[in-house]
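Throughout, read-outs are computed from the coordinates displayed, never taken from laboratory work. In this text, all values refer to a predicted model and were calculated from it rather than measured experimentally. Heads up, the Cβs are rebuilt from the backbone with ideal geometry, glycines too, and the neighbour counts pull from every protein chain shown.
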Amino acid sequence: MGRVKESAQEILSASDKPRRQSASRKQEAVPETPAENAPSTSPSPSGNRRTVGEPLFELADVPTEIKALAQHRFGADIRMGTPRENGGPYRGEVFNTDTYLIQEVATRSVVFHVKDKMTFVSERLKWCDANQRLNGADLQIGYDGDRPQTYPWDRARDQLGRSVASLKKSAKELGMSEEVGQTLDTLQAKSWERVKEARSMALAQKDRQASERTAKTQDAPDR
C-alpha cells in the first residue's frame with residue numbers, strides 16, 4: 001500500500017491545480033471501442049482471434065481507495081469498468097499503483113487492470129513500473145485469457161495510422177486506383193519521419209539546456 005499512499009498524497013496535493021490537458025488531447029485518447037463496448041474478438045499471440053469473455057472481476061472488487069485515486073486523477077464523474085477475458089486492446093493514459101493500473105480509455109471512462117498477472121513487454125516499461133515512472137504514460141493493454149500484456153503506445157502514431165486508413169477507405173469507395181493507397185503509405189512514412197526528427201531535436205535541446213544549467217550551477221561561487 002506504500003505506493004497507493006504516496007499516489008494519494010501526490011494527487012491530493014495537486015488537487016488545487018487545474019489539470020493541464022487540452023480538449024484535443026482528450027479527443028485523441030478515445031479508442032475505436034470504449035471499454036463498455038469491447039470488440040467481440042481479440043488477437044492471440046499466435047495471430048488467431050479469440051472470443052472476448054466475461055469481465056475478469058466485478059467493479060465492487062476494486063478497493064475504494066483505488067476508485068478514489070481514479071476520481072482524483074481523471075475526474076469525479078468518470079465511468080468505471082473492468083477488463084474482460086481476452087479483452088482489449090485498451091489504449092490510453094495510465095495512473096500506476098502497487099496493485100492496479102488505472103487507465104483512461106476514453107474521455108471520462110477508466111478501466112482498472114490488476115497487476116499481479118501483468119507482463120510488461122519491454123525492459124523500459126519494467127523499469128518505469130519498478131521506479132514509479134509510469135504515471136501519465138500512454139499504454140496499450142491486451143489480455144491473453146486473464147493475463148494482461150502491456151505495451152508502449154504512441155498516441156500520435158496511432159492517430160496518423162487511423163487517418164491514413166480512413167483516407168484509403170474513402171479512396172476505395174470512390175473507385176480510385178491502388179496507386180492512391182500507395183501514395184498515402186508513402187506520405188504516412190514521410191510524415192512519421194518528420195515527427196521522429198522533431199522529437200529528437202526537442203530531446204537534444206532539452207539535454208543541452210539541462211547541461212547548461214548544470215554547468216552554471218557548478219561555476220557559481222560558494223555562499
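Each peptide in 141-150, 204-213 gets a packing score, the mean of other Cβ atoms within 10 Å over its residues, and the list from highest to lowest is 141-150, 204-213. Whole-Hz Karplus values for region 178-192 come out as 5, 4, 4, x, 5, 5, 5, 4, 5, 5, 4, 4, 5, 4, 5 Hz, taken residue by residue from phi with 6.51 cos²θ - 1.76 cosθ + 1.60 and θ = phi - 60°; glycine and proline positions read x.
So if I place +1 on the C-beta of Lys and Arg and -1 on the C-beta of Asp and Glu, and nothing else carries charge, what would the dipole magnitude of region 161-210 be about its Cα centre? I want it in debye, nearest 20.
Numbers: 10 positive and 7 negative charges, 62 e Å.
For this selection, approximately 300 debye.
Close amide H contacts of residue 90 (hydrogens built in the peptide plane, cut-off under 5 Å, sequence separation of 5 or more or a different chain): 141, 142.
Considering only Cα-Cα distances, which of the following residue pairs are longer than 26 Å: 115/196; 67/196; 126/190; 115/206; 126/196?
Details: 115/196 31 Å; 67/196 36 Å; 126/190 31 Å; 115/206 33 Å; 126/196 24 Å.
Beyond 26 Å between Cα atoms: 115/196; 67/196; 126/190; 115/206.
A simple rule links phi to the HN-Hα coupling: the Karplus curve 6.51 cos²θ - 1.76 cosθ + 1.60 with θ = phi - 60°, which for region 117-125 gives 10, 6, 10, 8, 7, 10, 5, 4, 5 Hz, with x for Gly and Pro.
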